[in-house]
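The values are calculated or read from the model by the stated rules, or taken from the named source; none is laboratory data. All of these numbers come straight from a predicted model, not from anything done at the bench. Positions of Cβ are backbone-derived with ideal geometry, glycine not excepted, and every protein chain shown enters the neighbour counts. Ligands, DNA and RNA are excluded from the accessible area calculation, which covers all protein heavy atoms including side chains. Shrake-Rupley method; radii C 1.70, N 1.55, O 1.52, S 1.80 Å.
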Amino acid sequence: MKLFKEFKEFAVKGNMMDMAVGIIIGAAFNKVIDVLAKKVILPPLTLLTSGVNFKDQRLILKDAFLNASGEILTDEVAIGYGALGEALIDFLIIGFTIFIVVKFMNRLRNKAQDSEDKTVTTPKDIELLARLTDLMEEQNKLLKSK
């Protein structure tokens, strides 16, 4: 029973819930990036390479061995550099998209934490800290004047 209680405390913690939400959003984001890379970016690259399908590009090290009836006895050995290129394109798209999202979130956070900006409502904790800083400065001025 104690183990179940510890697991419940672990699973209900805020960080665990945030991580679960992040994983779910990441899985959905992965599908979007996959479609973006395979259905939007790679087809024009295929068109530019005269119809050569990029993901099927490979360097064959050893051909497949067939018997007289055409059945494969040994598979071919090949380096799939096209699949590597596709994975690198996926990585670049994901990296750039995450960079843009983080940059946007940092801009929003900095704008929200700016106590001088009146267009955005300042969170209560930041407002209280700003007020506390002002009170401490005022108190220091009073103590110095005595």
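Any residue in the range 57-76 that is in a helix (DSSP H, G or I), over 22 Å from ALA28 (Cα atoms) and under 30 Å from the mean Cα position of the chain (by Cα)?
Residues of the range 57-76 that are in a helix (DSSP H, G or I), as a first pass: none.
No: zero hits.
Which condition number in (1) in a helix (DSSP H, G or I); (2) open to solvent by less than 80 Å² (accessible area, probe 1.4 Å) is the one that LEU88 fails?
LEU88 satisfies every listed condition except (2).
Just to be sure I understand, how many residues within the range 31-40 are closer than 14 Å to GLY82 by Cβ and hydrophobic (A, V, I, L, M, F, W, C)?
Restricting attention to the range 31-40, the residues satisfying the condition of being closer than 14 Å to GLY82 by Cβ are 37-38.
If we keep only those that are hydrophobic (A, V, I, L, M, F, W, C) too, we end up with 37.
Residues that pass the stated criteria total 1.
Of all residues in the range 95-126, count the ones that are part of a helix (DSSP H, G or I), at pLDDT below 80 and among the aliphatic types (A, V, I, L, M).
Selection size over the range 95-126: 2.
Would you mind telling me which numbered condition in (1) open to solvent by 100 Å² or more (accessible area, probe 1.4 Å); (2) at pLDDT 85 or above ILE72 fails?
Failing condition for ILE72: (2).
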